[in-house]
Structure formats: structure tokens, C-alpha cells
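Everything on this sheet refers to the single structure shown next.
The values are calculated or read from the model by the stated rules, or taken from the named source; none is laboratory data. A quick note: this is a predicted structure, and the numbers were derived from the prediction, not measured. Note that we place each Cβ from the backbone using ideal geometry, even for glycine, and neighbour counts take in every protein chain shown.
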Amino acid sequence: MPPTAVHQPTLPASRRPPPPGGGGVPAADGRLLRSFARAAPALTGYLTVRLTGLLVLARWAHLKGLGVWPTLATSWDSDWYLGIADHGYARELGTALDANNLAFFPLYPVLVKAVAGVTPGSRASVALVIAVLSSLVAAWGIFAVGDRLHGRRTGTLLALLWSALPVAVVQWMGYTESLFTALTAWALYAALGTCWLWAGVLSALAGLTRPTGVAVAAAVVVSGLVALVRGRNLRALAGVLLAPLGWCGYVAWVGLRLGRWDGYFAVQKLWRNTWDGGGVTLSAVRDYLAYDTNPQLLLVVVSVVLVVSAALYLLCLVDRQPLVLLVFTGVLLLVVLGSGGVYFPRARFLLPGFPLLLPVAAALARARRPVALVVLAGAVLSSSWFGGYLLLVWRGPP
């Protein structure tokens, strides 16, 4: 008798595996497409929030007779990065305050110069496009971290909250915050998934982007060492060795360029960025929130952001977030709150600290939909208005 035929169920075309030897999407590309599709609602929401802010800014600028493009592409720190892309770095320390461009890390201006060399348009336009595209990659990475830890709804809300922070207008300026946040988010995501090589590479790139890249390096190094000790995972050693190379490499290069081992720190001193353990911060918060009878709005908002960020970190500790996130946000807060330098841009300096928003995103994910919508709508409207105020009313850099 012939052998009994085994019935094989017919799978829908969308679930059939690709034929051997080709005919399907490669595995890596397939994972990327699935990740993008899963993040699509978060990215759509992110774009909606930031476009709302852009429309408010455009209308406000029109009423004041100003252009949106120069406001976003060539204001304040944007000029420093464009100057580095055009003319390179200083060769001497000098004595002038707030004047040495070695305080600005190199990855962003290098990208601007490289892309502008092979594309039409000005370097200012290229810088703005890089910032906008980086913000989308950052929102995707932020969603991925939230989704991995608490599910898709929390990941989406985390990305939306990041897009509606008080100083979120900076995400679409010729600044480094979006690029740095993108590298940070995916470095942390890679570490959460024990992809140590990627975590180390992305951390090194983050360390070439902003001074606070030291926080990303510390997070990957500490969590990698813990993984190495607990599981003897040799791959973690790659992340540990690679993570600090970007930040340490730039600091060492500045020292060699200036001919003194403390060259980078001497530059930061000329920018009045010295670490005092938080004395200046505590004094400023006390003055602007308690004693100043007529404080400037920006300084009040910055003070509130700093206090809320410290409180959110305590919630993150209570929630027992993964070690890599706690180390990153902890070191970031130590650097920003412990600095004795300029006070008004510190809310911007904390913009990459998106894991601090995880407790809020998780709470909104559990809340009733109307409650979540009201909270998000309030955040979006206030962020849109404050972004216009920051760029068109406030007289200093954001």
C-alpha cells in the first residue's frame, strides 16, 4: 500500500516563508521593515506634533516679519557648527570667553560638510535636513525602547511625549540634539538586546556628537561589565572597549591640538562650564521658583524641568528600570545639574534623557483614552507656543 499522505496546511501568502535561495526579503531587511511598520503610528504621531509646532512658529514669525528657515537653520549654536564645517577648528586656546569652537564636538559638522559636498543646497539647509531626519530616527529608537520594555502603546506615547517637551522645537533646528538622541536611543536599545557591538559603535558615535556622550559611554560600559561578570559574555567586552572611544578620542585630540593635556577642559572653562556639584543649580532653582518676584519665563520653565527631571529619576529607580537606562539618565543628570556653567540652556541639555519619561508614558498607557488625549493635547499646545516664544521672543539661545 502506498504510504499515507500527510496533510500540510496551506498558509496565507503573507505568512509563507520565502523559497530557498532567494525570492524573499533578506532577514535583516525583513526585521527592519517589520520594526518600521510597528513604529509607524509613533512616527506619524511624532510628525504631527512637530508639524503643529512648525505651523505655530511659521505664523508667529510671519507676524513679526521674520523667516522660519533662518530662524531654524542659522540661529545661535547653528552658526558655530556651520563655522566649523566651513573653516575647521581653532588651533589656539585664547583667552576670550564663549569664543573657542573646540567646545563643539565634531560629528555633526563633519556630516554637514560631507553631505553638502555631494548634494545641492547650502550647508545650512543640509544641517537642517540632517537634524530633521535624525529626529525621526530618534523617535523610532525611543519608540523601540519603550515598546521593548512596556509594549507598543507605551512606546508610542513615549515618542509623543518626547516630541512635545517644552524645548522640542530644538529637534528641528540646526543643532546636535536630534542626532545625539538618535544615536543614544539606538545604543541603549542595542544594549537592552545584548547587541554589544552595535551598542559600543553607536555609543562611540554619540561621544563624538555632544559632551554628554560620556553618559552613553558610561551606561554601555557599566552594563557591559555587569553582563561580562555575570554571564562571561565576551561580546560584551567589545561594547565596553568601543563605547568610550568617541568621547575620549575627541578630548584627547583637543589636548594634542592645543599642546596641553587638559586642553578640552580649559576650553570648557572659557565657556564657564565647570562642575561644582550642583551649587549653582540649587541656587538658581531656589531664586527663580521662590525668591525672584519677576523672573523670566524661560528661566522658570528651565527650573521646573530640572526639578521634574530629578523627581522622574527617582520614579525610574522605584520602577527598577534596566541598569543601562538608569546609568545613562543618572550620569546625564549629574553632568547637567552639577554644572556651574550657564543656566538657561539646561532644559535643552536634558532633551536626550527620554528614559526619564518612561514612568509618565507607562501611566498614560494605563489611563483611560480621554485622559491620555487631554494630557497629550496640553503638552503639544504648550510645546508649540513655548517653541515660538523661545525662538522669537527670548533674546538668548535656546
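If we scan the stretch 367-374, do we find a residue that is of a type outside the set (Lys, Arg), part of a helix (DSSP H, G or I), more than 28 Å from Val221 (Cβ to Cβ) and under 18 Å from the mean Cα position of the chain (by Cα)? Spell out how you get there, then give the answer.
Quick first cut of the stretch 367-374, residues of a type outside the set (Lys, Arg) only: 367, 370-374.
When the remaining residues are screened for being part of a helix (DSSP H, G or I), the result is 370-374.
If we keep only those that are more than 28 Å from Val221 (Cβ to Cβ) as well, we get 370-374.
Add one more test, that the residue is under 18 Å from the mean Cα position of the chain (by Cα), and what stays is none.
Scanning the stretch 367-374, I find no residue that is of a type outside the set (Lys, Arg), part of a helix (DSSP H, G or I), more than 28 Å from Val221 (Cβ to Cβ) and under 18 Å from the mean Cα position of the chain (by Cα), so the answer is no.
Among the candidates Leu357, Leu333, Leu289, single out the residue that is in a helix (DSSP H, G or I) and either out of contact with any Phe, Trp or Tyr (no Cβ under 7 Å at 6 or more places or on another chain) or farther than 22 Å from Ala138 by Cα (or both). When all the criteria are applied, what remains is Leu289. For Ala361, the stated conditions hold: it is within 18 Å of the chain's Cα centre (by Cα) and at pLDDT 95 or above. Among the residues of the stretch 203-221, write down those that are of a type in the set (A, V, I, L, M) and under 11 Å from Thr181 (Cβ atoms). Within the stretch 203-221, Ala206, Val216 meet the criteria. All of Leu228, Leu192, Leu188, Leu245 fail the test of being over 22 Å from Pro106 (Cα atoms), modelled with pLDDT of 95 or more and not small (Gly, Ala, Ser), apart from Leu192. For the stretch 292-314, the set of residues classified as part of a helix (DSSP H, G or I) and without any contact (Cβ under 8 Å) to a residue 24 or more places away in the chain consists of Val300, Ser303, Val304, Val307, Val308, Ala311, Leu314, listed by residue number.
Exactly one of these conditions fails for Thr194: (1) touching a residue at least 12 places away in the same chain (Cβ under 8 Å); (2) in contact with a Leu (Cβ under 9 Å, 6 or more places away or on another chain); (3) surrounded by fewer than 22 Cβ atoms within 10 Å (Cβ to Cβ). Give me its number. Among (1) touching a residue at least 12 places away in the same chain (Cβ under 8 Å); (2) in contact with a Leu (Cβ under 9 Å, 6 or more places away or on another chain); (3) surrounded by fewer than 22 Cβ atoms within 10 Å (Cβ to Cβ), the lone unmet condition for Thr194 is (2). Total residues in the stretch 75-97 satisfying the condition of being surrounded by fewer than 17 Cβ atoms within 10 Å (Cβ to Cβ), under 24 Å from the mean Cα position of the chain (by Cα) and touching a residue at least 40 places away in the same chain (Cβ under 8 Å): the figure is 2.
Surrounded by 23 or more Cβ atoms within 10 Å (Cβ to Cβ) and either within 23 Å of Val110 (Cβ to Cβ) or acidic (Asp, Glu) (or both): which single residue out of Gly207, Gly239, Gly263 fits that description?
On the way: Gly239 fails: either within 23 Å of Val110 (Cβ to Cβ) or acidic (Asp, Glu) (or both); Gly263 fails: surrounded by 23 or more Cβ atoms within 10 Å (Cβ to Cβ).
Only one candidate qualifies: Gly207.
Which residues, counting only those in the stretch 172-187, are farther than 10 Å from Leu72 by Cα and assigned to a helix (DSSP H, G or I)? Glu177, Ser178, Leu179, Phe180, Thr181, Ala182, Leu183, Thr184, Ala185, Trp186, Ala187 - these are the residues of the stretch 172-187 that are farther than 10 Å from Leu72 by Cα and assigned to a helix (DSSP H, G or I).
Where helices (runs of 4 or more DSSP H) sit wholly within the stretch 212-264, those with at least 1 residues that are hydroxyl-bearing (Ser, Thr, Tyr), within 14 Å of Cys195 (Cβ to Cβ) and touching a Leu at 6+ places or on another chain (Cβ under 8 Å) occupy 213-231.
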